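Chemist: Here's a structure for you.
The values are calculated or read from the model by the stated rules, or taken from the named source; none is laboratory data. All values derive from a computational prediction rather than experimental measurement. Here the Cβ positions follow ideal geometry from the backbone for every residue, glycine too, while neighbour counts run over all protein chains shown. These area figures cover heavy atoms from the full protein model, side chains too; ligands, DNA and RNA do not enter into them. Shrake-Rupley method; radii C 1.70, N 1.55, O 1.52, S 1.80 Å.
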Amino acid sequence: MKKRIILHIDMDYFFAQIEERENPQFKGKPIVVGADPRGGKGRGVVSTANYEARSFGIKSATPISRAFRLCPQAVFLPVNMDFYEKVSLSVFKIVSKKAKKVEKVSLDEAYLDLSDKCRSYKEAEKVGEEIKKEIYKKERLTCTVGIGENKMMAKIACELAKPDGLKVIKPSQTKKIIEEMPLETIPGIGPKTKEAIQKYLKKKNAKIKDARKIKKEKLIDLFGKRGDDFYHKLRGVDNSLVEGERKAKSVGKEHTFQKDTRDPEKIIKVFRRLVGDVYRQAKEEKIKGLVVVCRFEDFETHTKQASFEPGNYKEDFLYKKGVSLLLRFLTRSNKKIRLIGFRVSLPE
Ligand code: TTP
Ligand code: MG
Ligand code: MG
């Protein structure tokens, strides 16, 4: 694979930072954005917390009742999603201008492929500085930028530099920088996989360098196709591409559920309607592909797409293709779904 330079940008304590900006009277106090604590009896979880609240042990997904016990004096605020979405759009308008290929992965996060634009890491660092400066100027919000030879390394650099930082990991540093890190630094290695690796190694608190001792065949034995991916990632190799938004003409529609859901009947019913609406809008035109969008409860957003020869396809054909992609989101993750979308692309 050609040498690449990838940039990852992630807004700092995003929802809470926006609230801080909007309510300067709370600056310096712990702020928790999420469910209503109802004096410690509330249900639901924390969406995010500022650094003051994090110092009490509060973070995303902490039950709100626990957050209240940990820090009753915090300012608890509800999630004002429409507003955060507007800020997100404004941030991405700035970011999108910095590279041809920009992949938005959530409301506050994106990858940019700078390989064509920048000839060196120094140049890429300049782009990172510009992004930070322009976002701050326009929105008065800080973000962190990580730069590396692939998406995983860019993201790791970003995590290391948080908050309000900028870090470059050059290819020559990649292998060394991650060897002392915990296994869950690798995307795809969660608590269960970690447990399985540690059991195999007969070692607690195993680090990346420990897992590098496992042969590729053994990892495949243990984890199937994922094992092959882990083998490379443990060595800092990640060939996944920055998937830029297609510039092609398209027609699409999205639906946000009133409550996040995993109910397939509900999800499919809405999907059927979306396909119908989009089909009626696009029916006079030839269709050359479709895209299914899924945003999970934590705002992680993924797309799956199919393409075909441009033609006048029937609604039922689009529905069947689309639903098979949609079902993959349901089976691959047990998170609840917040939003689904359907889009068809038309020849330019
Ligand atoms: P993150 O980027 O994961 O977190 P963050 O921006 O709050 O903090 P950091 O500085 O560490 O990046 O998520 C972005 C926003 O998405 C976050 O502000 C709130 C929302 N979110 C949830 O609502 N629930 C979650 O479990 C997570 C992880 C995020
Ligand atoms: Mg963030
Ligand atoms: Mg994020």
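Chemist: Restrict the check to the range 113-121 and report whether at least one residue is within 19 Å of the chain's Cα centre (by Cα), within 15 Å of ligand 3 (Cβ to nearest atom) and open to solvent by 10 Å² or more (accessible area, probe 1.4 Å).
Modeler: The answer is no; no qualifying residue exists.
Chemist: Taking Lys269 as meeting all but one of (1) surrounded by 13 or more Cβ atoms within 10 Å (Cβ to Cβ); (2) out of contact with any strand residue (DSSP E or B) (no Cβ under 9 Å at 6 or more places or on another chain), write down the number of the exception.
Modeler: (1)
Chemist: Moving to a separate point now. Output the residues belonging to the range 289-332 that are surrounded by fewer than 15 Cβ atoms within 10 Å (Cβ to Cβ), hydroxyl-bearing (Ser, Thr, Tyr) and touching a residue at least 24 places away in the same chain (Cβ under 8 Å).
Modeler: If the condition is that a residue be surrounded by fewer than 15 Cβ atoms within 10 Å (Cβ to Cβ), hydroxyl-bearing (Ser, Thr, Tyr) and touching a residue at least 24 places away in the same chain (Cβ under 8 Å), then Ser307 is the only one that fits.
Chemist: Please work out if Lys155 is closer than 23 Å to Arg4 by Cα and surrounded by 14 or more Cβ atoms within 10 Å (Cβ to Cβ). Spell out the reasoning first.
Modeler: Details: closer than 23 Å to Arg4 by Cα: yes; surrounded by 14 or more Cβ atoms within 10 Å (Cβ to Cβ): yes.
So Lys155 fits the description; yes.
Chemist: Okay, moving on. Give me the pairs: first residue in the range 56-68 and over 11 Å from Gly34 (Cβ atoms), second residue open to solvent by 40 Å² or more (accessible area, probe 1.4 Å) and more than 16 Å from ligand 3 (Cβ to nearest atom), beta-carbon distance under 6 Å, and six or more apart or on different chains, which are they?
Modeler: Listed by first residue and then by second, the contacts come to Phe56/Leu70; Gly57/Leu70.
Chemist: When you go through (1) within 24 Å of Lys59 (Cα to Cα); (2) more than 16 Å from ligand 2 (Cβ to nearest atom); (3) in contact (Cβ under 8 Å) with a residue 40 or more places away in the chain; (4) not small (Gly, Ala, Ser) one by one for Asp108, which number turns out not to apply?
Modeler: For Asp108, the exception is condition (2).
Chemist: Is it the case that the range 262-283 has a residue that's more than 29 Å from Ser60 (Cα to Cα), assigned to a loop (DSSP other than H, G, I, E, B) and either free of Cβ contacts under 8 Å to residues at least 60 places away in the same chain or within 16 Å of ligand 3 (Cβ to nearest atom) (or both)?
Modeler: For the range 262-283, residues more than 29 Å from Ser60 (Cα to Cα), assigned to a loop (DSSP other than H, G, I, E, B) and either free of Cβ contacts under 8 Å to residues at least 60 places away in the same chain or within 16 Å of ligand 3 (Cβ to nearest atom) (or both): present.
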